[in-house]
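Every number in this text was worked out from the coordinates using simple rules, so none of it is lab data. Remember, it's a predicted structure, so these values are computed and weren't measured experimentally. Positions of Cβ are generated from backbone atoms using ideal geometry, with glycine treated the same way; all protein chains shown enter the neighbour counts.
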Amino acid sequence: MSARSEHRLSFRDRCDVRRRLEYPPASTRDRYAAVFGRSRRGGDVSEPARGRREISTLRPQNDAINRYRSSDLSFPRSSSSTGKKAFVAGVADDQGFGWAISKCLAQAGCEVILGTWVPALNIFETSLRRGKFDESRKLSDGSLMEFAKVYPMDAVFDTYDDVPEEIRTNKRYAGNEKWTVAECAEQVEKDFGKIDILVHSLANGPEVAKPLLETSRNGYLAALSASSYSKVSMLQRFGPIMNKGGAAISLTYLASERIIPGYGGGMSSAKAALESDTQVLAYEAGRKWGIRVNTISAGPLGSRAAKAIGFIDDMINYSLTNAPLSEKPLTAMEIGQTAAFLCSPLASGITGSCIYVDNGLHAMGLATDAKSLERSD
Ligand code: NAD
């Protein structure tokens, strides 16, 4: 054996590629089935996909009921956050990070108030009322998570003066009022007084499917407006109604600092801005109001927003194959629990930080399943 192949062999052992070679690369269908427990066409896959680890260990990633089962809540009902008031922006179903964060905050004893995007509000409230989310609402003691109030909100507009005529008269906004960021903060203060926790779990990039090289100025600025400036705007308006010792968090993604082809339309730039702003806002809001500002860099999740990008299944599969923690899929609840910790007094010394909750994928410098690592001898 040559020195080169010896080196390659020990390297492979270190990255556990041997296990991968015993389980040869699966077909696209098998990979999809392994992650989602069903074929792309929707048929349930009960047999393990050939050549892969057992599906049962990989299956829950995109299964809302599994993702939100109460046994996933690994801390007791009520904790050091009991009695705190949290405003969570960016919940319109039970599939995304905002829902999981709300649930973990509720589990920790917080009163949870929502800000839901106006065009999504009606269907969200109807589904909530009809019990569609009841399974996902279950807390560890069997009670259901309650929302103190759901406000309409559009984080792209700071005040009503900023709202253009076509939105004022748009039927998706009809019947709702006081939904700009400033008006929403005023309503929250009027109804609840001061709050303790501010969660920004929203993003929007109309041209996300386009490479940056093909992104228009409008598309790029819209991505920054909805996904980054919205955080600045929220902190400007909610900061003054937050108690000293409070905390604000947002959700970011690795594409801010590493190239993720396909995450386009200026969304990678928006996440880079969000992370940089987290540091500056931590300083300014810390000095001004005594509140902490952090962001969580989350691994891939098949939320509604992520599905719109079009390649989230591949990202989940890539993470499962290449992250240091590859035996278990990342769950939204793991992000929720980190958020609950960051917003609690347990994290009183943490501010201006980006915390990775991605099974460790950010730390990898090499894709362990890369074709170029395969041995030819
Ligand atoms: P999601 O669809 O559950 O959440 C996005 C929310 O943003 C939706 O509720 C939508 O209604 C809301 N929204 C969009 N435009 C808005 C506006 N103008 N005003 C108010 N609300 C608006 O999807 P998610 O993936 O849970 O996204 C939450 C956050 O997590 C986002 O910041 C996203 O970039 C981030 N994130 C997601 C992933 C992933 O793989 N899903 C990974 C890392 C980070």
Exercise. Which ³J(HN,Hα) values, rounded to whole Hz and listed in residue order, are derived for segment 305-322 from phi using the Karplus coefficients 6.51, -1.76 and 1.60 in 6.51 cos²θ - 1.76 cosθ + 1.60 with θ = phi - 60°, glycine and proline given as x?
Worked result: 5, 5, 5, 5, 6, x, 10, 5, 4, 5, 5, 5, 5, 4, 5, 4, 7, 10
Seminar exercise, completed: Along segment 289-303, Karplus-curve 3J(HN,Hα) (6.51, -1.76, 1.60; θ = phi - 60°) to the nearest Hz, with x for Gly and Pro, reads 10, x, 10, 9, 10, 9, 9, 10, 8, 9, x, x, 9, x, 6
Exercise. Rg(Cα) of segment 66-363 divided by 2.2 N^0.38 Å?
Worked result: 0.94
Problem set entry | Under the Karplus curve 6.51 cos²θ - 1.76 cosθ + 1.60, θ = phi - 60°, whole-Hz ³J(HN,Hα) for segment 97-114, x wherever Gly or Pro sits | 5, x, 5, 4, 5, 4, 5, 5, 5, 5, 4, 7, x, 7, 8, 10, 10, 10
Problem set entry | Positive-end residue, segment 297-377 charge dipole about Cα centroid, Cβ charges, pick of 319, 355, 372 | 355
For this session: Can you bin segment 164-304 into rounded, prolate or oblate? Criterion: square roots of the alpha carbon gyration tensor eigenvalues sorted a ≥ b ≥ c, rounded for a/c under 1.5, prolate for a/b above b/c, oblate for the rest.
Result: oblate
